[in-house]
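Novice: This structure is in C-alpha cells; I'll ask about it shortly.
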Amino acid sequence: MKSLSDEIFNLIEDCDLKTPKVAGLAGISSRTMYDLKDSDTIGFISMLKIAQVCKGSDYHTVMRKWCLKLFTTEALKHAFEYAAIKRDVDLLEELLCKTKNDDYLTAYHDVYKLIYDFMRGEIRFFDLYEKLKDIRITDKSLAIIVDIYKCYMLYYKKDFLGILTRAKKIEKAIQKLGDGRRAFFKQCYVYRLAEVMMPVHLHFSNFEASRHFSEILVHSNISPKALSDGYYGLGMSYLLSNKSLCLKYLERSYKMMCKIERADLIAETKMNLKLAKLYYDVRDGMPIPELKNYLMNMTLREEADFIKYFGFVSKNDLSSIYEGISYFFSKKNFLFAYLIADDLARFGVDSEQVEALKSIKLIEKVEIGFEKEVVSCFSHWDRIGISRVS
C-alpha cells in the first residue's frame, strides 16, 4: 500500500511538475518536502495547498485519499475537522472507523461522531449540543467547536443577543490558537463563526458587519453552499438600499446552491430570490399575490420573515403596518422592522418619523476581530490563478 509521501510525489510527477515548483506555488519551503519524504508527515495546510496546486478546484478528490493516509494524532484531528467542514459524510465515517480504538483521539472521535450523526439526520439539532456537553473535553481547540455549536443552537432558538455575548468569548479563544500548528483549526473556526454571525448581524441591521462575515464565507470558497450563504448575506444586506446589488447577489446565491445535491436547499434559495423580487414588485405597485405557493419551499413556512411581512402589508391599513413594526421589533428583527417602516409613507406618515424608527439600533458599533482573508487555505488554488494544473 502506498504511503502518503508516495501518493503526493506520484501526483506531482503525474501532473508533470517539479517538486521545487510545487513548493513555490504552495508557499512552503523545500525543506518541508524533504521532511515529507523522510518522515511521511506534513502539516495539514501544506498538504491541502499541494493538493490545490496539483488539482486546482478538484483538490478534494485527492484530499479524501490523503486524509485516510494520515496516522499522527495531530494530523487526524485536522482531518476530522476537514471532513466535517467540507460536509463529506463518507470521509468522516471512514475517519471514525479508522480511529475507533485510538485512546489519544477519544474526545475528538466522540465529538465528531455526534456531528456525523447530526449530518446524517440521526440526532435532532436541539439534542446535539446537550450531547456534546456530556463529553469530557480538555483540548482547547475542541472546546471552541462545542461553543460554536452552542451558537448554532441559540440561533435556532432566536437568542441572537446570547450569540453576540458568546461570540466575543469565542473570538478571543480563536485568536489564541495563533498561526502555528493550530492554524488550520483557526481558519475553520473563523469560518464557522462567520457562518452564524452573518445572519445575526443581518437580523440586527448591522449591515457592514453582516457584509464582512458574508465576505469571509465567499473568500473561503470552502464549498458551493458556503458561497451561496455568503452571497445570500450580501444580497439581503442591500435589500433596503440597492435593488440591483440585492438581486445580483441573491441570483448568485441560487446558482451556487444548485451545485449541491440538496433539493430542499436549492428550492429555498430560489424562493428567497423570488420573494425579494416580489418585494420590489409590490413596492412598485403590484398587488400582493396568494402566498400559498411561496410557503411550500420555506423552512419556517408562515413564520418566514418575508411571509410575515407580506401578511401585515396585505391588510392595507395603517394599524396593520404599526402592528408589523411592533412584531418585528419585539423579535429584535431590525431588518424587517425597517422594511415595513418604509410602508408608513404610503399612509401619509411624515418621513422624519419613518427615519426615526429606522434609526433605532441595538448596537451602535460592531468590533470585528478577523479580516476576511483569514480563511484562505481552502481557496489557495483560486488566489494563485490555477484552475487545474494536471
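Novice: Within region 278-290, identify whether any single residue is among the charged types (D, E, K, R), at pLDDT 90 or above and part of a helix (DSSP H, G or I), and answer yes or no.
Specialist: Yes, some residue in region 278-290 is among the charged types (D, E, K, R), at pLDDT 90 or above and part of a helix (DSSP H, G or I).
Novice: Please go through (1) among the acidic types (Asp, Glu); (2) surrounded by 15 or more Cβ atoms within 10 Å (Cβ to Cβ); (3) modelled with pLDDT under 90 for residue 58 and return the number of the only condition it doesn't satisfy.
Specialist: Answer for residue 58: the failing condition is (3).
Novice: A further question follows. Consider region 131-180. How many of its residues are under 18 Å from the mean Cα position of the chain (by Cα), closer than 25 Å to residue 361 by Cβ and among the hydrophobic types (A, V, I, L, M, F, W, C)?
Specialist: Residues meeting the conditions: 7.
Novice: So, one more: Checking residue 360 against (1) in a loop (DSSP other than H, G, I, E, B); (2) over 21 Å from residue 211 (Cβ atoms), which single condition isn't satisfied?
Specialist: Going through (1) in a loop (DSSP other than H, G, I, E, B); (2) over 21 Å from residue 211 (Cβ atoms) one by one, residue 360 breaks only (2).
Novice: On to the next question. So which residues in region 161-174 are closer than 20 Å to residue 210 by Cα and either in contact with a Ser or Thr (Cβ under 6 Å, 6 or more places away or on another chain) or of a type outside the set (Ser, Thr, Tyr) (or both)?
Specialist: The answer is 161, 162, 163, 164, 166, 167, 168, 169, 170, 171, 172, 174.
Novice: If a residue has to be among the β-branched types (Val, Ile, Thr) and under 26 Å from residue 45 (Cα atoms) to count, how many in region 150-203 make the cut?
Specialist: Result for region 150-203: 4.
Novice: Of the conditions (1) in a helix (DSSP H, G or I); (2) surrounded by 15 or more Cβ atoms within 10 Å (Cβ to Cβ), residue 41 fails just one. Which one is it?
Specialist: Residue 41 satisfies all of (1) in a helix (DSSP H, G or I); (2) surrounded by 15 or more Cβ atoms within 10 Å (Cβ to Cβ) except (1).
Novice: Just checking, does region 114-124 include any residue being out of contact with any Cys (no Cβ under 7 Å at 6 or more places or on another chain) and within 30 Å of residue 330 (Cα to Cα)? So that I can check it myself, show each step before the final result.
Specialist: The initial filter retains those residues of region 114-124 that are out of contact with any Cys (no Cβ under 7 Å at 6 or more places or on another chain), namely 114-124.
Adding the requirement that they be within 30 Å of residue 330 (Cα to Cα) leaves 124.
For region 114-124, residues out of contact with any Cys (no Cβ under 7 Å at 6 or more places or on another chain) and within 30 Å of residue 330 (Cα to Cα): present.
Residues checked against (1) among the β-branched types (Val, Ile, Thr); (2) within 32 Å of the chain's Cα centre (by Cα):
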residue	(1), (2)
21	no, no
29	no, yes
42	yes, yes
48	no, yes
53	yes, yes
57	no, yes
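Novice: Considering only helices (runs of 4 or more DSSP H) fully contained in region 173-259, which possess at least 1 residues that are among the basic types (Lys, Arg) and under 24 Å from residue 154 (Cβ atoms)? Break it down stepwise before answering.
Specialist: Details: elements: 183-203, 207-220, 224-237, 243-257.
Filter on region 173-259 gives 183-203, 207-220, 224-237.
Novice: Hey, among 210, 223, 253, 244, which residue is closer than 20 Å to residue 368 by Cα and not acidic (Asp, Glu)? Quick ask: steps written out before the conclusion?
Specialist: Numbers: 223 fails: closer than 20 Å to residue 368 by Cα; 253 fails: closer than 20 Å to residue 368 by Cα; 244 fails: closer than 20 Å to residue 368 by Cα.
Answer to the check: 210.
Novice: So residue 70 passes all but one of these: (1) in a helix (DSSP H, G or I); (2) buried (at least 19 other Cβ atoms within 10 Å of the Cβ). Which condition number does it fail?
Specialist: Exception for residue 70: condition (1).
Novice: So, one more: Against the definition (surrounded by fewer than 23 Cβ atoms within 10 Å (Cβ to Cβ) and within 30 Å of residue 124 (Cα to Cα)), how does residue 176 come out, yes or no?
Specialist: The answer is no for residue 176.
Novice: Right, next: Are there any helices (runs of 4 or more DSSP H) wholly within region 294-343 with 2 or more residues that are under 18 Å from residue 356 (Cα atoms), more than 30 Å from the chain's Cα centre (by Cα) and modelled with pLDDT of 85 or more, and if so which?
Specialist: By residue number, 318-330.
Novice: While we're looking at this one, here's another question. Quick one: what pairs do we get from region 10-32, first residue farther than 17 Å from residue 43 by Cα, second outside any helix (DSSP H, G or I), C-beta under 6 Å, 6+ apart or different chains?
Specialist: 15/389; 15/390
The values are calculated or read from the model by the stated rules, or taken from the named source; none is laboratory data. Predicted model only: the values in this text are computed from it and were never measured. We place every Cβ from the backbone using ideal geometry, glycine too, and count neighbours over all the protein chains shown.
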